[in-house]
1. Taking the Cα centre of the range 181-292 as origin, sum charge times position over the Cβ atoms of Lys and Arg (+1) and Asp and Glu (-1), and report the length of that vector in debye to the nearest 20.
2. Stretch ASN15-LYS351 to full length: gain in nm at 0.36 nm per residue minus the Cα-Cα span?
3. Using the basic label-point model (7 angstrom from Cα toward the beta carbon), what is the ALA108 to LYS338 distance in nanometres?
4. Of the DSSP beta bridges with both residues in the chain, give the percent that are antiparallel, rounding to the nearest 5.
5. What does a probe at ASP322 reach in the range 232-259, counting residues whose amide N is under 19 Å from the point 7 Å along Cα→Cβ?
6. Between ALA220 and ASP171, with labels modelled 7 Å along Cα→Cβ, what's the label distance in nm to one decimal, could you check?
7. With a sphere of radius 10 Å drawn around the Cβ of ASN83, what net charge do the other residues whose Cβ falls strictly inside it have (Lys, Arg +1; Asp, Glu -1)?
8. Kirkwood Rh over Cα pairs of the range 302-367 into Stokes-Einstein at 10 °C, 1.306 mPa s: D in µm²/s?
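The values are calculated or read from the model by the stated rules, or taken from the named source; none is laboratory data. Keep in mind the model is a prediction, meaning the values are calculated, not measured. Cβ: placed from backbone, ideal geometry, glycine included. Neighbour counts: every protein chain shown. Side chains included, ligands, DNA and RNA excluded: accessible areas come from the protein's heavy atoms. Shrake-Rupley method; radii C 1.70, N 1.55, O 1.52, S 1.80 Å.
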Amino acid sequence: MAKVSLQDINRIYGNVAAIENITFDVPDGEFWVLVGPSGCGKSTILRTIAGLETATRGKLYIDDQLVNNIPARQRDIAMVFQNYALYPHMSVAENLAFGLKMRQADRALIQRRVQEVARSLNIEHLLKRKPKQLSGGQQQRVALGRAIAREPKVFLLDEPLSNLDAQLRDDTRAELKQLQNRVAITTIYVTHDQVEAMTLADKIVVLKDGRIQQIGTPQAIYQNPANRMVASFLGSPPMNIIPVTYSDYKFITYQQTIAIPSQLQQQLQPTSGEHFDLGIRPEHISISNSDTNGDLQTYLTVEVITVEPLGKEILIKGQLSDSLTTIDFFADANWSGKPGDYLKITLDSNKFHLFTAETGNRIEFAD
């Protein structure tokens, strides 16, 4: 096991920067997840750590040893790829043992490690089979097992679950988390799936266009996103982003008004006509059951566009009139509305997030 440290890592191809100024430290034994949209540079970072790519600039340390010029085979890193990369002519047992054999480990040690890993992954009954005789989930377990059997310092996983169906992906994700807790190998995991990132990670690194947007625990990033991109990427469904303009102690969006809490008004001190992006999570929006408006500024009216029953609740996508802005929110499972209906929804003003319209950065407020 080891600490992994990246200091100002850059990877440039010609005139294109794949990753820029990547700096973070993964403590010994922690599970970190790199997440972001396709092309954000997360796999490039992983391959640079593995030694499959060379950093154009910056320093990479593994266990306080500078490894920029150390070849991949000498970094004591195990990597699991999206396509499993199993040897088709070898049995499961031979695949599990391959890394140890390449390091000329003792035969008794190899047999013991193969049995231990097979037992921990529940693939003991598959040891004599070839990869083509396995399901996708079983092949993935073998690929994980082959990496674990070596007992590497660092464990790298590049979207290892993306080829599995939804139920198997959920099951394998849970098994992977339990396994990492047991073996406590420093792990860096790449995915574009924000649900995987939220459920697996000790810390998440959110990336966009080759740059780090935010680093933090899943809950910290979810509750306090650094910018509009992070807010709208993490969460299922993601945070709603509503363009608003300040005027006379209220926000205006497409001819509708939203009240501004007095404390927020005092801290923000906006000027008339100033533009913002207001963010609010779907779970902080509710359908108003009142026919009387009360304070009209606490409501928005939306047209129901889609209705998605989820069993215990219903996900509704509404649209603000005369706009392309949509708002996701939930209703009770017994809600009986339909597309085309108009609903009055209440926004919890204590859960507002505000982002600058120009940069998208989150505006911080005192508690």
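1. On the way: 7 positive and 9 negative charges, 64 e Å.
The calculated dipole for the range 181-292 is roughly 300 debye.
2. Working: separation 336, 0.36 × 336 = 120.96 nm, distance 4.24 nm.
Result for the pair: 116.7 nm of gain on full extension.
3. Modelled inter-label distance: 7.5 nm.
4. Values: 60 of 78 bridges.
Around 75 percent of the beta bridges assigned by DSSP in the chain are antiparallel ones.
5. 242-248, 250-259
6. 3.5
7. Values: positive: none; negative: ASP158, GLU159.
Neighbour charge sum, excluding ASN83 itself: -2.
8. Working: Rh = 13.8 Å.
After rounding, the answer is 115 µm²/s.
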